[in-house]
Amino acid sequence: MADDYYEILGIDKTASTSEIKKAYRKLAMKYHPDKTKGDKALEDRFKKISEAYAVLSDPEKRKQYDTYGSADFQQRYSQEDIFKNFDLGDILKEFGFGGGRGGFSASFGQAGPRGQSGFSGGNTFFQSRGGGFGQQQARPRTPGKDLEYEIPLTLDELINGTKKTITISQGGTAKAIEVTIPKGLTKGKKIRLPGKGEISPDGGPTGNLYIKSNPVPSKDFTIEGNDVFLNKTVTLTQALLGDKLEVQTPSGKTMNLTLPQGTPHKGKLRLPNHGIPQMKGNGCGDLFVVINIDWPKKLTDKQEKLIQELKTTGL
C-alpha cells in the first residue's frame, strides 16, 4: 500500500504550510539519526517523514500529490523528482541539527556533490522506494509523450461548458473518452487530462493529453478572448440624436441599451460581465456593442432640403 504523506506527518489534508513544518520538526527531533543511534527501523521512519515533508512543503508537488493520490503519485515521481530543490541539510540546521555534514551523513552515507539527489545530504540517503541505504538509485523511466487535441466549441459551449466524446489512440488501441469542457475554455487556453497521452516505451508514466479550444465563428458575434463583440446598425439620426436600443447578449438575454447623442461610427458601448466566463471562475468578459451608422447613399428631395436647412445652422 502506498504511503499517505498526511498520515505519516500526522496532519489533516487542509493543514497550512506552518502546520506542516511544525509537524515535521516535531518528528525530525524524535527520529533524526543523531537520536536513534543506528536503529534501522527508526532510520526508515526518518526517511519516510522527510519524503512526506519534501512533497507537502512544496506547493506544486503537494498539488500534484492531492490530484493523483498516493499510489499514482509515487508511480509517476521518482525519488529524484521528489527531492528536487529540497535542501534537507539546511532544513535540519534550522531545527538545530548538524545538517548534511555531521551525524546525519555518518548514519546515512557520505555526503556527495550538491544537487545529485536534490538536497545537500548526499546521493546515498534516499534511494528508490523499498531499497536499502547506500544502494544505487533506480534509473528513472521515460515518460510517455504528451499529446494535444483541438476541439471546436460554439459560443454557447464556451459560455456554459459542455461534455465531448473524443477518440484517442494509446499503444495502437483506439479509446473513446468523455471530456468535460469547463466554462471559459477560450482560444489559447487548455485543460490537462493526466495519463491520456502516449504510453511510455519502457514502463514509465503515461503522458498527458491537453485539450485546446477552437472557437467556432458565430454569425452575430465576434470572440476575442473572453470578450464578445456584437455589431449593431443604427440610422444617422439615431447616432446624432441618441436612442434606446434593444440588444441580445450571447447568453440569449434581451437588454435595453442607451445610445448616447453623437455616437461615432464604430463607437463601442460596453455591457460588463455579459461575455464569456473566466475559466477559473473569476468573473466574465464583457459584451461590446459596436455601432455601425447606416449612411444613406442617396437622399430624397425632402431629405436634401432639410439637410440644406441644417447646414445654415452650422451643423
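Ordered by the number of other Cβ atoms lying within 10 Å of each residue's own Cβ, fewest first, LYS175, LYS302, LYS219, LYS21 fall into the sequence LYS219, LYS302, LYS175, LYS21. For LYS311, give me every one of the aspartates and glutamates with a C-alpha distance below 19 angstrom, ignoring sequence neighbours fewer than eight places off in its own chain. Reachable aspartates and glutamates: ASP301. When DSSP beta bridges are restricted to pairs lying wholly in the stretch 136-271, around 75% turn out antiparallel. Listed by chain and number, the lysines placed with their C-alpha closer than 20 angstrom to that of LYS175 are LYS145, LYS163, LYS164, LYS196, LYS212; residues fewer than eight positions away on the same chain are left out.
Listing MET255, MET279 from fewest to most neighbouring C-beta atoms within 10 Å gives MET255, MET279. Among 294-301, 47-54, 58-65, 157-164, sorting by the average number of other beta carbon atoms lying within 10 angstrom of each residue, highest first, gives 47-54, 157-164, 58-65, 294-301. For the pair LEU306 and SER200 in one chain, pulling the backbone fully straight at 0.36 nm per residue adds 30.3 nm over the alpha carbon distance.
Taking the Cβ of each residue in VAL289, VAL228 as the centre, tally the other Cβ atoms inside 10 Å and list the residues starting with the fewest.
On the way: VAL289 21, VAL228 27.
Ordered by Cβ neighbours within 10 Å, fewest first: VAL289, VAL228.
FYI, it's all coordinate maths here, none of it is from the lab. Just so you know, these numbers come straight off a predicted model, no measurement behind them. Note that each Cβ is placed from the backbone with ideal geometry, even for glycine, and that neighbours are counted across all protein chains shown.
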